[in-house]
């Protein structure tokens, strides 16, 4: 029996194979734990902390996506402590990142009564829109640094390793090596990164063009003109 | 910056990718009848959320302004057409074809079924050809890609399909990839192969002359001289026999002709093979041991094996190795030819071949013939028809008077294009059914505009025999119609003109009705229904009953021909080899960003990233010829000559140059020769002798732009993965 563990989640008892994460066990009980950086197809890193849950009323909340179920555990997925923690995380995220095209996170903001104006003086992560290839746009002002794009570019799917991290601390951002344009990188334009992006940071160029009010023919005829676009961005 | 709201779709439609044979499942996000985003369901085989650049970003061809919108009738010389109504065009086609039947009989037709169209389109097509045109002259481009594999596998085990599923790849133990640049030709399959290596410690052996990306993941890379594959495989078999690494139990139970076979192997020592192939004997021994001693081992191969004058021998040599070791009929083993086109498996399965009905039911079998004669209310020809390569020669000899081409572009894909064009110019009447004007339809008398994959319903069958739905997501473009409807219209009109009493049946209300007819005539498909596909996403055939789960891997208990047969092989080649006049070896193939004749990818953003053909050349050869990357070079064979830029790269071995065949401005098939494998009738696309010389910059769109500003054309061997 040592390969199975029994615990209670929100008062319901469940027995799962050892190694099952709290997130997976909760899902089996149809208890939804909110996530931002977590994705079924990528390795979990417990980055965003929005999935934190209360385990045995311990000193620290645990990230459900990376914490394994322990025998006899008593887990609460949404008590006051958890709520406050999630609310603060969402407010801090919103203070630095443009989340207007992240509907799932917006829904969480509402659900947790997050105050979008709580940190009015916070420094924002501002990045110029990157348009360096025919297929997708990169707007890292909308990036929540979930790592999913880097992971699917690497060992979680494509094994291409075109994406990595640039900068340190607050300046950390997703980048190519030496910030070279995508066509000069090993990128094969599979778009797995676009497929897992939880915000509007990565999107197909056709979608971006249509959002800007361009017609399909205008999008088709648009070629890469990095210099002109840089000027536009500066003006905007 | 403008803060725009996130675009939300009018609707999303789940369908199957129209590019390669992986058969990725995708959701098309549609706004104002434009596909603005393509996503992939993470919970569905075969791709589990992954796509490649063509599927994710290369579907913009569907709404390209150059799509054909009305029927066109030739009005002057080649390429000159006038618009016509459907009635006028269909009547003209029906009358002309009927007249030719009356004058010369059905065998004066050559017809191309389509590896890109649905199973339903192809079933109706071959039914029309057989039941109304009264000929079995129906074939398609599978002849040009996997005929060598099909013929070899049929001879040795009696079935030519990929024996194991894509889903098993992750759990491979040892596997050999040969003659397949999988990361570019089957990108999503390559992800599972890479994962098998990186996550599960599987051992990969690459046997390929080119330094393809998978060599970065390989435990062992055997870099043979082009065309010497049989020598390597025979020598591996020699080692397995000499070191007694074979599976006696399996051989005794499941195979025949083993004793003759091992005698025939005696002379094929690794040292002999080293002399032929340039691969060190020690590496051949290593590869043989790794393959034979693995718990589970599989072969994956592509055009490098098949497209050869000895393509059949190549496939037989691989099959011999699988039979010798018993690496077949179990999960994670098998013989897996990776199919090139989205529905090349399905087109063959649907009867788009000159010798078989659906699911390879032989026309020469009287009982089968009778079954179809009864179902279609008409007498059918019991004689196998012509293959694609024979059709071209038939046209030249006057034996073929008319050609009907559905969605193919033989004047890009046939070998020795000048010869093929000359032959097609001899035809009395040519009909093309396509979504774009292409090199072939320019020669047509009538062009009928058809629906793309996004504008019609039906099914595709992918490389691992998984039947999956195609669903209409966009309205038809102009007056275009789905291929099956076009064929039904022609067939009905011809039956009327011919005074047929009892129609073979071309009044289908929808594609499901066509599939229902197919499955009732095809025991292997009987258990697959649209309702089931809706529920399960896809079913692997053979699936003989409604409660049968489908067959993800084949040959568990026996082979279709009974016992697997060992084939003794001789080493030799009929290929054109380099000589003093034409000193370089030319090999052809695909690149990631383009698709076959380019009909779909060149009118796409894909063309922006890879806008022109490039000739890959080893640095030593470039040095000899005083060429650097970006220089223009003239490539000349005994058949023709093309001009393109050169890219200097270690990907090519010394003495060998590589040219992709997607680009009409330097059509690789002007250079290739129409020499064929005697059994499979597949041309030798990978072997031609050429000479090279520096050329002047041609007058051509984009020629003035510097090479390093042309998209992402770059030397992939310079990356470290």
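The values are calculated or read from the model by the stated rules, or taken from the named source; none is laboratory data. In this text, all values refer to a predicted model and were calculated from it rather than measured experimentally. Please note: Cβ atoms are built from the backbone with ideal geometry, for glycine as well, and neighbour counts cover all protein chains shown.
Only one of the numbered conditions (1) touching a residue at least 60 places away in the same chain (Cβ under 8 Å); (2) more than 30 Å from residue B:673 (Cβ to Cβ); (3) buried (at least 18 other Cβ atoms within 10 Å of the Cβ) is violated by residue B:567, and that is (2). Restricting attention to the range B:244-259 and to residues that are touching a residue at least 40 places away in the same chain (Cβ under 8 Å) and in a helix (DSSP H, G or I), the residue that is nearest to residue B:574 (Cα to Cα) turns out to be B:258.
Is it true that some residue in the range B:227-243 is part of a loop (DSSP other than H, G, I, E, B), in contact with a strand residue (DSSP E or B) (Cβ under 9 Å, 6 or more places away or on another chain) and at pLDDT below 95? Yes, because at least one residue in the range B:227-243 is part of a loop (DSSP other than H, G, I, E, B), in contact with a strand residue (DSSP E or B) (Cβ under 9 Å, 6 or more places away or on another chain) and at pLDDT below 95. For the range B:681-701, indicate whether the set of residues that are closer than 27 Å to residue B:604 by Cβ, within 14 Å of chain A (Cβ to nearest Cβ) and assigned to a loop (DSSP other than H, G, I, E, B) is non-empty. Checked against the condition, which is being closer than 27 Å to residue B:604 by Cβ, within 14 Å of chain A (Cβ to nearest Cβ) and assigned to a loop (DSSP other than H, G, I, E, B), the range B:681-701 yields at least one hit. Restricting attention to the range B:144-165, the residues being surrounded by fewer than 24 Cβ atoms within 10 Å (Cβ to Cβ) and either part of a helix (DSSP H, G or I) or at pLDDT 95 or above (or both) number 3. Of the residues contained in the range B:167-175, none is found to be more than 14 Å from chain A (Cβ to nearest Cβ), under 21 Å from residue B:522 (Cβ atoms) and touching a helix residue (DSSP H, G or I) at 6+ places or on another chain (Cβ under 9 Å). Suppose the filter is in a helix (DSSP H, G or I), touching a strand residue (DSSP E or B) at 6+ places or on another chain (Cβ under 9 Å), crowded, with 18+ Cβ neighbours inside 10 Å and modelled with pLDDT of 95 or more; does residue B:528 pass it? It is false that residue B:528 is in a helix (DSSP H, G or I), touching a strand residue (DSSP E or B) at 6+ places or on another chain (Cβ under 9 Å), crowded, with 18+ Cβ neighbours inside 10 Å and modelled with pLDDT of 95 or more. Condition check: in the same structural domain as residue B:113 (by TED's automatic domain parsing), over 30 Å from residue B:24 (Cα atoms) and buried (at least 23 other Cβ atoms within 10 Å of the Cβ). Does residue B:367 satisfy that? The answer is no for residue B:367. Number of residues in the range B:6-30 that are free of Cβ contacts under 8 Å to residues at least 24 places away in the same chain and either within 10 Å of chain A (Cβ to nearest Cβ) or within 14 Å of residue B:192 (Cβ to Cβ) (or both) equals 3.
Remark: residue B:501 matches the filter, which requires a residue to be without any contact (Cβ under 8 Å) to a residue 12 or more places away in the chain and more than 27 Å from the chain's Cα centre (by Cα).
Considering (1) under 19 Å from residue B:47 (Cβ atoms); (2) surrounded by 24 or more Cβ atoms within 10 Å (Cβ to Cβ); (3) over 22 Å from the mean Cα position of the chain (by Cα), the lone condition that residue B:237 does not fulfil carries the number (1). Taken as a whole, the structure places residue A:114 among residues that are part of a loop (DSSP other than H, G, I, E, B), more than 8 Å from chain B (Cβ to nearest Cβ) and touching a helix residue (DSSP H, G or I) at 6+ places or on another chain (Cβ under 8 Å). Selection of the range A:137-178 for residues being assigned to a loop (DSSP other than H, G, I, E, B), within 13 Å of chain B (Cβ to nearest Cβ) and within 20 Å of residue A:200 (Cβ to Cβ) yields only A:139.
So for the range A:199-210 (the condition being under 28 Å from residue A:47 (Cα atoms), surrounded by fewer than 24 Cβ atoms within 10 Å (Cβ to Cβ), more than 7 Å from chain B (Cβ to nearest Cβ) and without any contact (Cβ under 8 Å) to a residue 60 or more places away in the chain), does at least one residue qualify? No, every residue in the range A:199-210 fails to be under 28 Å from residue A:47 (Cα atoms), surrounded by fewer than 24 Cβ atoms within 10 Å (Cβ to Cβ), more than 7 Å from chain B (Cβ to nearest Cβ) and without any contact (Cβ under 8 Å) to a residue 60 or more places away in the chain. Scanning the range B:176-214 for residues being part of a strand (DSSP E or B) and either under 16 Å from residue B:294 (Cα atoms) or within 13 Å of chain A (Cβ to nearest Cβ) (or both) gives a total of 6. Against the list (1) farther than 29 Å from residue B:689 by Cβ; (2) in contact with a strand residue (DSSP E or B) (Cβ under 7 Å, 6 or more places away or on another chain); (3) at pLDDT below 95, the condition residue B:168 fails is (2). The residue that is nearest to the chain's Cα centre (by Cα), counting only those in the range B:668-680 that are crowded, with 24+ Cβ neighbours inside 10 Å and in a loop (DSSP other than H, G, I, E, B), is B:680. Here residue A:128 does not qualify as at the interface with chain B (Cβ under 7 Å from one of its Cβ atoms), under 21 Å from the mean Cα position of the chain (by Cα) and modelled with pLDDT of 90 or more. Here residue B:99 clears all of (1) in contact (Cβ under 8 Å) with a residue 60 or more places away in the chain; (2) farther than 21 Å from residue B:468 by Cα; (3) assigned to a helix (DSSP H, G or I) except the condition numbered (1).
In the range A:180-195, the residue that is farthest from the other protein chains (Cβ to nearest Cβ) out of those that are closer than 22 Å to residue B:184 by Cα and either part of a helix (DSSP H, G or I) or free of Cβ contacts under 8 Å to residues at least 12 places away in the same chain (or both) is A:193.
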